[in-house]
Amino acid sequence: MAKGITKRSQDYSRWYLDIVAAADMAEHSSVKGCMVIKPTGYALWEQIQRRLDDMFKETGHVNAYFPLFIPESYLKKEAEHVEGFAPECAVVTHGGGKKLEEPLVVRPTSETIIWSTYQKWIQSYRDLPILINQWANVVRWEMRTRLFLRTTEFLWQEGHTAHATHEEAEKETRLMLDVYRRFAEEYMAIPVWTGVKTDSEKFAGALHTYCIEAMMQDRKALQAGTSHNLGQNFAKAFDVKFQNEQGDLEYVYATSWGVSTRLIGAIIMTHSDDNGLVIPPRLAPLKVVLVPIWRDEEQQKKVVERAQKLTENWKSHISFKVDDRDQYRPGYKFNEWEKKGVPIRLELGPRDLENNSVVAVRRDTGEKITLSQDGLLDNLTDLLEEIQTNLYERALELRNKGTFIEDDFDTFKKKIEDPGGFFWVHWCGKTDCETVFQETSKATIRLVPLDGEKQNGQCMVCGQPSNERVLVAKAY
Ligand SMILES: [Zn+2]
């Protein structure tokens, strides 16, 4: 166990905070509920942004930016939306030393300001679709905060699209859900379930909300992304009509979708261990660190020279660092890069110079592998992919072990406490029974699966007929 990191088996919540601190990712600021994202944490967010931004653009989206402030009256235009968000809004009442005529809300999400703008942009079917994404910060007043997972201000992206038909909006909602699923699985190395939220868990103002749900190492669920079909609700609230091809006026169809800095919390809680952070190679800001090892100045000169020569052509292929700081000993450096989650550490000592070798240490398994200095870059590239695959498979195995099919309510109530996990159970579809789940077990229906297998059964709570199983778990 690394110094200063609580073991996961001892106290999982403490462990999480210790990892954030040990990897130097973020800290609490002097403003309650707001965090300072430090360079190591922000570099990971930048990797997430880049990969996702590419995927958004590949699917036809463009970026734009809308104001941070929203007139309070806008928020009130969509009844469900204001009810859902008003309690957690920060409101600006004064500006430039004067009381404002109308208070301004600091955006908790941007549907209202964006649809008030789309009202000016859309007249005809020729103006559609609009496929816009925004990278921004939002504020939701939180009482109990946790770095990356729940903070008053956080960073995210929010897509806001406008369409001529319900079918097209639904297709977009599902497309973005699939983008999130692929990103989670292929980059974050996190297996996810996709599905639709129940009415009581959907986004305030949406027809329905799709989501991806992942299992953390403590077997709790984390909602890692949502995609909402908003129907015509916001178009009606802001009077956004268009003339369709037949010349009739119709309200526009909307979607919105988002992921946030919460994803960093998901990466930590899925892959990291008692020695520190573990980052999947495809998202690691730094993929390889080479630590030259020497005893005297003569050796130092030789190994550092060889390290530089070995890596001289790597720049355009791989992000790496030669850690030749001479004020720290190798053990200190090993520990630092291990805590920060760099996927591969290379050790190069005087004996390696004689043997034309280098020792590679995998962050995911701790395994030491002796590699030849010839063809090293290719071997490292392969090894990084192997680590990526191993992390995904490890997470999948953990999820499989922690997932149960359950029909008996009493057994469920015991098992959700110990050992905990994901439970596929029959549910009749009534909110009353959903509330019973919540009140008796603190678990929630995470999703109704998409295209799930139909199967006759009885609601675990009331015994009424059910034709498919839903996913129930405790969640972050
Ligand atoms: Zn029921």
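Restricting to the stretch 58-94, count the residues that are open to solvent by 50 Å² or more (accessible area, probe 1.4 Å), at pLDDT 95 or above and in a loop (DSSP other than H, G, I, E, B).
Total meeting the criteria: 3.
For the stretch 139-170, what are the residues that are out of contact with any His (no Cβ under 7 Å at 6 or more places or on another chain), closer than 14 Å to Ser256 by Cα and assigned to a strand (DSSP E or B)?
Within the stretch 139-170, Trp156, Gln157, Glu158, His160, Thr161, Ala162, His163 qualify.
Restricting to the stretch 341-377, give me the number of residues that are open to solvent by less than 40 Å² (accessible area, probe 1.4 Å), in a loop (DSSP other than H, G, I, E, B) and not aliphatic (A, V, I, L, M).
6
Take the conditions in contact with a helix residue (DSSP H, G or I) (Cβ under 8 Å, 6 or more places away or on another chain) and either open to solvent by 30 Å² or more (accessible area, probe 1.4 Å) or without any contact (Cβ under 8 Å) to a residue 60 or more places away in the chain (or both) and apply them to Arg107. Does it pass?
On the way: in contact with a helix residue (DSSP H, G or I) (Cβ under 8 Å, 6 or more places away or on another chain): yes; either open to solvent by 30 Å² or more (accessible area, probe 1.4 Å) or without any contact (Cβ under 8 Å) to a residue 60 or more places away in the chain (or both): yes.
In short, yes.
When you check Asp407 against the structure, is it open to solvent by 40 Å² or more (accessible area, probe 1.4 Å), away from the ligand (no atom under 16 Å from the Cβ), over 26 Å from the mean Cα position of the chain (by Cα) and not β-branched (Val, Ile, Thr), yes or no? Lay out the reasoning, then the answer.
On the way: open to solvent by 40 Å² or more (accessible area, probe 1.4 Å): yes; away from the ligand (no atom under 16 Å from the Cβ): no; over 26 Å from the mean Cα position of the chain (by Cα): yes; not β-branched (Val, Ile, Thr): yes.
Judged against the criteria, Asp407 is not a match.
Sort out which residues of the stretch 1-34 are open to solvent by less than 30 Å² (accessible area, probe 1.4 Å), within 20 Å of Val342 (Cβ to Cβ), of a type in the set (Gly, Ala, Ser) and assigned to a loop (DSSP other than H, G, I, E, B), and write them in order of number.
Scanning the stretch 1-34 gives Ala2, Ala23.
Out of everything in the stretch 198-209 that is out of contact with any Gly (no Cβ under 7 Å at 6 or more places or on another chain) and open to solvent by 10 Å² or more (accessible area, probe 1.4 Å), what residue ends up being nearest to Asp11 (Cα to Cα)?
Once the filter is applied, the top-ranked residue is Glu201.
Give the stretch 422-450 a look and list any residue that's within 10 Å of the ligand (Cβ to nearest atom) and surrounded by 18 or more Cβ atoms within 10 Å (Cβ to Cβ), or say none.
Filtering the stretch 422-450 for residues within 10 Å of the ligand (Cβ to nearest atom) gives 426-434, 436-437.
Result: His426, Trp427, Cys428, Cys433, Glu434, Phe437.
Those residues that are away from the ligand (no atom under 15 Å from the Cβ) and surrounded by 13 or more Cβ atoms within 10 Å (Cβ to Cβ), I need them from the stretch 451-476; list them, please. Step through it out loud before you land on a result.
Initial filter on the stretch 451-476 (away from the ligand (no atom under 15 Å from the Cβ)): 451-455, 471, 473-476.
Across the stretch 451-476, the qualifying residues are Gly452, Leu471, Ala473, Lys474, Ala475, Tyr476.
The values are calculated or read from the model by the stated rules, or taken from the named source; none is laboratory data. Worth saying up front: this structure is predicted, and the values here are computed from it rather than measured. Every residue, glycine among them, receives a Cβ derived from its backbone with ideal geometry; neighbour counts consider all protein chains shown. The accessibility values were calculated without ligands, DNA or RNA, using every heavy atom of the protein model including side chains. Shrake-Rupley method; radii C 1.70, N 1.55, O 1.52, S 1.80 Å.
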